[in-house]
1. Among residues belonging to region 286-299 that are farther than 30 Å from K492 by Cβ and surrounded by 21 or more Cβ atoms within 10 Å (Cβ to Cβ), point out the one that is nearest to the chain's Cα centre (by Cα).
2. Here are I393, I428: which of them is of a type in the set (V, I, T) and at pLDDT 85 or above?
3. Look at F168 and say whether it is in contact with a helix residue (DSSP H, G or I) (Cβ under 8 Å, 6 or more places away or on another chain) and in contact (Cβ under 8 Å) with a residue 60 or more places away in the chain.
4. Could you list, in sequence order, all residues of region 379-416 that are among the small types (G, A, S), in contact with a strand residue (DSSP E or B) (Cβ under 6 Å, 6 or more places away or on another chain) and either surrounded by 12 or more Cβ atoms within 10 Å (Cβ to Cβ) or without any contact (Cβ under 8 Å) to a residue 12 or more places away in the chain (or both)?
5. For region 99-119, does any single residue satisfy the condition of being surrounded by fewer than 18 Cβ atoms within 10 Å (Cβ to Cβ) and on the phi > 0 side of the Ramachandran plot?
6. Assess whether L201 counts as being over 30 Å from F454 (Cβ atoms) and buried (at least 20 other Cβ atoms within 10 Å of the Cβ).
7. I want to confirm something. Restricting to region 27-74 and keeping residues that are surrounded by 22 or more Cβ atoms within 10 Å (Cβ to Cβ) and of a type outside the set (A, V, I, L, M, F, W, C), which single residue is nearest to I151 (Cα to Cα)?
8. Inspect region 490-502 for any residue being hydroxyl-bearing (S, T, Y), assigned by TED's automatic domain parsing to the domain that holds E524 and part of a helix (DSSP H, G or I) and give the result as yes or no.
Amino acid sequence: MNESVQEKPRLVSAGQGFSVLKTVEYKGRFLYSKYNPAKAIETYIDKMQVLSGTLIIACSPLLWYGIEKLKSLLPENCEIIALENDENLFELAMQNDSAGIPLFKLNEGEKIDSYVRSICKGGSIKRALKIDFSAGVNFSKEKFDFTVNAISEIIATFWKNRITLVKFGRLFSKNFLRNIAHLEYTKTLEDVAKTVSKPLLVLGAGEGLDTLSYSSFSPNDFFIITVDAALSPLLARNITPDAVVTMESQIAIEKTFLGAKNKNILLFADLCARPEATKILGGNIIWFATKYADGIFFDNLKKESVIRNFIEPMGSVGLAATYIALKIRSSSSIPVFIAGLDFSYSIGTTHAKDTMALKQRFINSNRLTPIENYDAAFSMSTQTVMSKNGKKICSTKILLQYAQQFKLMFQNEKNLFDCSSTGIKLGIPQRNLFATKGNLQKEKCESHKNISSFCEKEKRKLEELRSLLSDGEKSPFRNNLPEKLSLSKQIKKIAEEREYLFLHFPDGYRFKMEQSFLKRIRAETDFFIKQLEIAMKENKPL
């Protein structure tokens, strides 16, 4: 019993004379000074410089000494959260928290992630700063450091995504609304889930694509899914894949389909993909939807059954192709093989032979620019890593992130095998391509969609918003709702649910009722009304 008492934190009077401060004794050590518990942290706070937009991470706050001083010195747009790992110290901090600071245990990863993402959406938090409030941190220093780094990565990712949306958000939204009308007469990924009963082969455009012995197997033995960039090399080898996956929204992607016009190949296309590129193959299209931003608009698409499910952003079309293969196999007993998803490259070569990237390099080559791409191997962003076969290869931070994401997403999937000898280890077993064959019954699922209704409704809402922004109280749409709203509330109700109108603005992380913001939204209504009109005009069976 004495041992259990000693394991609890013990408050001990500090200093001499009339001091009312306490220190904490726990596990044979004092977690504050025995003489002046608050001095160390308050001295540190006095000397520190905190920039506006900083998330302060208070580690092991215990009795919260220094927290009021910290709050008084913080510049605008700063937030504070607190972390603790030890259960007993967590209870002590909870009992003594009078400042209302959110306190999390280190093992509450999902709660921490959700909270940090929620405050990032306000657009004010730009960085994180760790402050050790007591020696309690030393009991779990590595865990504290890991969590703080994870929080910093969440913040950094938010702003990376914001930069991407500022640059490409309008294009994503344009393609999304152009493509969505076709859902009425085409299928989505959910419609073809669990329908392929033979082994699947997923091919990327890395050098691993060249390591397969294509002459020794029949393509009919596999359902072959290729990323768009690998289509050209396969056709050069007289292999026509069963399906191609494309996600790219820009015009450059059309080059990867050269020589494939009207090949009647099944196309898995992201709704954000370039509409013109989706028509080149001339075959059936299976749509999937990447949730490229959070917002009410996307939530409403699910509520109205226009889109059944969104895929979280993967960044890499190779990851998307693997995800699709696992989704469409009829059961987990059907093997899925991958090759060419290297996330790396050797010196002088970045892609498989006959890819558009190498063809373009050949076209642009001259005496000063050789066919071999040595720039990619010796640039500042290049890192040297070890490949599956023990050789040194090149990679970049973004490619390594894709490889890590692949491991996190797929390492526990059954019967998923890597059949190429090049590239980074992906956390899945390596297996010969011809190890398994399957012959299982196909399953089908069909569902009905009401896409035309959605497109018409969305166009009417944009026209209503345009009129309200242009004509104000004189708009014929004014107060056409069952409940009577002010003009500003009526505008907000429509615009706030359609984030695609503003998510690409530099300040578009949230809707604002500011005049300059509304003027920009007014201009966007014309653009997106036109996109919907084009989409509905094209809306016919493909």
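1. If we take residues in region 286-299 being farther than 30 Å from K492 by Cβ and surrounded by 21 or more Cβ atoms within 10 Å (Cβ to Cβ), then F288 is nearest to the chain's Cα centre (by Cα).
2. Being of a type in the set (V, I, T) and at pLDDT 85 or above holds for just one of I393, I428, which is I428.
3. no
4. If the condition is that a residue be among the small types (G, A, S), in contact with a strand residue (DSSP E or B) (Cβ under 6 Å, 6 or more places away or on another chain) and either surrounded by 12 or more Cβ atoms within 10 Å (Cβ to Cβ) or without any contact (Cβ under 8 Å) to a residue 12 or more places away in the chain (or both), then S387, S395 are the ones that fit.
5. yes
6. Here the answer is yes, as L201 does meet what is asked.
7. Looking at residues that are surrounded by 22 or more Cβ atoms within 10 Å (Cβ to Cβ) and of a type outside the set (A, V, I, L, M, F, W, C), I get S60.
8. Yes.
The values are calculated or read from the model by the stated rules, or taken from the named source; none is laboratory data. Quick caveat, the model's predicted, so the values are computed rather than measured. Here Cβ is always computed from backbone atoms with ideal geometry, including for glycine, and neighbour counts include all displayed protein chains.
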